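The values are calculated or read from the model by the stated rules, or taken from the named source; none is laboratory data. Being a predicted model, the structure only gives us computed values, none of them experimental. Cβ placement follows ideal geometry from the backbone for every residue including glycine, while neighbour counts extend to all protein chains displayed. These area figures cover heavy atoms from the full protein model, side chains too; ligands, DNA and RNA do not enter into them. Shrake-Rupley method; radii C 1.70, N 1.55, O 1.52, S 1.80 Å.
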Amino acid sequence: MGLAWAALFASHGIEVTVTDPREDLDEAVDEALPLLAAGLPGSDPDGLRGRIRTTHDLAGAVAGARLVQENGPEDLEFKRRLFADIAGHAPGDAVLATSTSGIVASRIAEGLPDAVAARLLVAHPFNPPHIVPLVEIVPGARTSEDVVEAAVAFYRSLGKVPVRLHREVPGFVANRLQSAVLREAIHLVLEGVVDAGELDTVMKASLGGRYATVGPFESFHLGGGPGGIRHMMRHLGPGLAEGWRRLGRPELDDAAVATIVARTEAAYGTGPAAYRERAALRDRKHLALNATLRATDKNDTQNT
Ligand SMILES: NC(=O)c1ccc[n+]([C@@H]2O[C@H](COP(=O)([O-])OP(=O)(O)OC[C@H]3O[C@@H](n4cnc5c(N)ncnc54)[C@H](O)[C@@H]3O)[C@@H](O)[C@H]2O)c1
């Protein structure tokens, strides 16, 4: 996550410092940049590398930062300690953002002084963050409104689509939706209804495209014809609620994990070469989708 953010920032001319205790930090940056640059039209790996400095020294890394984007392990205690450390060395007006996939900012900020908690918020990207537009902005109870506004403006200036949540909820919105889909997807594969590749085909050929054009609510509203969602709720509402009771609740025990891993690897391969090839294909398709949607959205005032 961290390297993709770094590449995105650098592609917008920002001088970035990456800090990570891993011994092979420079090699990791050099290895990641070709794929990342391919996802950032107009960028090249050398140009990006020229704006990315690496260091193992966290204090020095954050000393002059205007914004810190934290991408460490997903562990509450770790993030609490890390932000205490960051706050001790970053400028007093730096925005402190975490990429956490689900931990709320209020919990990370517990134990930190108000002046630090006021600058700490969640800025949750969706993978790959240099290509998928969404950034969920989730302030904590003590985050200042000025910091929220500055963060929204910053991510928007990078071409991202920031959405500010009204209140904190673990997992935020996008991952909760993804989790609901994944739960049923795993259930259907474990039940032998489809294999992993077939399930992905069903998704890409139906809901995937639909939800890139209209979200679940607009889709439902349009599905009701001129009667809209009022008609849909009367017509299909009872069946919808009944269907929820039939959804799967798979257990992720060893056997289930082994089945899901085997079916997915059978469909898509495994290892670094397969990863690079499939990730590059995913990125190319997503870039094409972004460009097409941007072109058609230009005059649509409903899109923010
Ligand atoms: N992977 C995803 O799809 C995804 C999506 C959205 C958000 N996130 C969030 O982003 C964060 C990072 O996830 P990831 O998948 O990139 O994890 P990762 O395990 O790939 O990377 C974590 C990195 O943190 C480094 N690290 C450990 N201690 C550190 C320290 N003290 N200072 C600086 N760096 C340190 C590790 O060396 C490692 O390189 C998590 O909070 C995760 O929830 C991940």
Notebook entry, point to check: Out of the residues in the stretch 13-37 that are more than 16 Å from the ligand (Cβ to nearest atom) and either more than 19 Å from the chain's Cα centre (by Cα) or over 20 Å from residue 290 (Cα atoms) (or both), which is most open to solvent (accessible area, probe 1.4 Å)?
Noted result: 15
Note to self: I want to confirm something. Restricting to the stretch 100-109 and keeping residues that are in contact with a helix residue (DSSP H, G or I) (Cβ under 7 Å, 6 or more places away or on another chain) and within 15 Å of residue 140 (Cβ to Cβ), which single residue is farthest from the ligand (Cβ to nearest atom)?
What the structure shows: 109
Notebook entry, point to check: So how many residues does the stretch 95-112 have that are touching a residue at least 60 places away in the same chain (Cβ under 8 Å) and surrounded by 19 or more Cβ atoms within 10 Å (Cβ to Cβ)?
Noted result: 5
Next item on the list: For the stretch 20-42, indicate whether the set of residues that are within 20 Å of residue 95 (Cα to Cα) and either assigned to a loop (DSSP other than H, G, I, E, B) or free of Cβ contacts under 8 Å to residues at least 60 places away in the same chain (or both) is non-empty.
Entry: yes
Item checked: Residue check for residue 59: away from the ligand (no atom under 13 Å from the Cβ) and either touching a His at 6+ places or on another chain (Cβ under 6 Å) or among the small types (Gly, Ala, Ser) (or both) -> no
Checklist line | Residue selected from the stretch 113-130 under the condition without any contact (Cβ under 8 Å) to a residue 40 or more places away in the chain and surrounded by fewer than 23 Cβ atoms within 10 Å (Cβ to Cβ), by the criterion nearest to the ligand (Cβ to nearest atom) | finding: 116
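Yes or no, residue by residue, for (1) over 16 Å from residue 65 (Cβ atoms); (2) within 15 Å of the chain's Cα centre (by Cα):
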{"position": "77", "(1), (2)": "yes, no"}
{"position": "131", "(1), (2)": "yes, yes"}
{"position": "146", "(1), (2)": "yes, no"}
{"position": "151", "(1), (2)": "no, no"}
Next item on the list: Can you confirm whether the stretch 122-135 contains a residue that is more than 27 Å from residue 11 (Cα to Cα) and at pLDDT 95 or above?
Entry: no
Check: In the stretch 62-82, which residues are among the aliphatic types (A, V, I, L, M) and away from the ligand (no atom under 12 Å from the Cβ)?
Finding: 63, 65, 67
Next item on the list: Might you check whether a residue that is of a type outside the set (Ser, Thr, Tyr), without any contact (Cβ under 8 Å) to a residue 40 or more places away in the chain, crowded, with 19+ Cβ neighbours inside 10 Å and within 10 Å of the ligand (Cβ to nearest atom) occurs anywhere in the stretch 85-94?
Entry: yes
